[in-house]
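Notes follow the structure.
Derivation of every value follows stated rules applied to the coordinates shown; laboratory data play no part. Everything numeric in this text was worked out from a predicted model, so none of it was measured. Please note: Cβ atoms are built from the backbone with ideal geometry, for glycine as well, and neighbour counts cover all protein chains shown.
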Amino acid sequence: MSISLLPPGGSRPKRADAVRNHQRLIAAAQEVLAEHGPAGITMDGLAERTGLGKGTVVRAFGSRAGIFRDLLGTDELAFQERVMRGEPPLGPGTGPVERLIAYGRARYAHLVDHLQVMRETLEPGSEVPASGVQFTQIHIRMLLAQAHIGVEDLDNLAVQLTLALEGPLLLALHAPPPATARNVGLFEDSWQTLIERVCTRPASES
């Protein structure tokens, strides 16, 4: 069983010139993000950096928050590519339980790395971004089936594990963690413990 990469946003422009312009703008936005952080990204700044008109930038993204949504989507597809075609244990080539553990660890790290970008996608009245949640749910469901853990309702179990993996980090967008909060490494260890417990069948069922 395999799954396709799931684009987290809307469809990309169809015209070849619009696609090229969008790629140029995304590349420029990634450079600015690396150099100056989210605060350095503006519509006017991207227009100046790429030599494109302000109207082109507006058509590509709609708003400043749209720039960050597309940045998030671009990185999300790159993450999914690593999961589906990368090296094991995240990618194919090892057992389903090992892949589940590796997926949770990699996903936590990916989300934490993108918290600032996620915050910048928020506009008045908009929802907390959840790019990749559908992919996570499908991927977890697939690996649970491959692990033969003796649970009939894998669909709801996959939903619960997806919430355990994605939910806390999305909620963290609304309130910074306290100074005493544990680092992400311990969250990753807890994910491994959870998966090992879920996937270990009682001796009577082995």
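General observations
- Placing dummy labels 7 Å off each Cα toward the beta-carbon, the span from N156 to E35 is 5.3 nm.
- Residue order for E48, E76, E188, E35, fewest other beta carbons within 10 angstrom first, comes to E35, E48, E188, E76.
- Taking 0.36 nm per residue of separation and subtracting the Cα-Cα distance, full extension of the segment from L122 to R64 would add 19.9 nm.
- Taking 0.36 nm per residue of separation and subtracting the Cα-Cα distance, full extension of the segment from M84 to A27 would add 18.2 nm.
- Least to most buried among R64, R15, R141 (fewest other Cβ within 10 Å first): R15, R64, R141
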